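Here's the structure we're looking at; comments come further down.
Throughout, read-outs are computed from the coordinates displayed, never taken from laboratory work. This is a predicted model, so every value here is computed, not measured. Cβ placement follows ideal geometry from the backbone for every residue including glycine, while neighbour counts extend to all protein chains displayed.
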Amino acid sequence: MKDTEIHDTVDHVVGYADGSPTHAIRHARAKVVAATQGSEDGLFDPALPGLTVQERLLVAILACALAPAAALVSEYRARLESLGADPALIESVARGEVPAAASQRLAAILRFAHTLTTDPVKADKAALLRLKESGLSTPEIVTLAQLIAFVSYQTRVVAGLRAMRQAEARA
């Protein structure tokens, strides 16, 4: 990517051409496009304290695998692989599993992500207390919940735009 190019994950994984009707519809609200990418950039910023980038990427992979959103799984998986993460761990999470070999902290994070993604009602006070018992601070728990909410939003945006792109291709 050239320095002057701006990476936009949604555009990348949807795979439409610049200037296509679907691309034009999405970019008609530049503030929304910028806010969406800005939220992602902030949530995955290595300078963000608390959860490690690897933990955040594993959560994103799991949430996308459970959605399912294969293109986003691939996107986040490639980022995590570039950091040298354990391939077996990545593969397990990409299948929507909480790996048995994960540390107590990571297992708690992934279990919470699984619960909040698949059965949000069960992501209750007891679930939050289990995160605290696994050593997560309140700011880390807030970041985790924000990350899961963002990825849920992102998967829906991508699914909608991909459906529009497919309809556009059939027209």
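Numerical summary
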| item | result |
| --- | --- |
| Test: residue in region 155-170 that is among the acidic types (Asp, Glu) and in contact with a Pro (Cβ under 6 Å, 6 or more places away or on another chain) | yes |
| From GLY15, GLY19, residue being over 25 Å from PRO139 (Cα atoms), surrounded by fewer than 18 Cβ atoms within 10 Å (Cβ to Cβ) and touching a residue at least 60 places away in the same chain (Cβ under 8 Å) | GLY15 |
| Flag if ARG56 is basic (Lys, Arg) and under 30 Å from ARG95 (Cβ atoms) | yes |
| Single condition ASP86 does not satisfy, out of (1) over 23 Å from ALA145 (Cβ atoms); (2) in contact with a Cys (Cβ under 9 Å, 6 or more places away or on another chain) | (2) |
| Within region 52-68, tally of residues that are surrounded by fewer than 24 Cβ atoms within 10 Å (Cβ to Cβ), in contact (Cβ under 8 Å) with a residue 40 or more places away in the chain and closer than 14 Å to ALA159 by Cα | 2 |
| Output for region 111-132, where each listed residue is closer than 11 Å to LEU66 by Cβ and in a helix (DSSP H, G or I) | ALA113, HIS114, THR115, LEU116, THR117, THR118 |
| Among (1) more than 22 Å from GLY38 (Cβ to Cβ); (2) assigned to a helix (DSSP H, G or I) - the single one TYR153 does not satisfy | (1) |
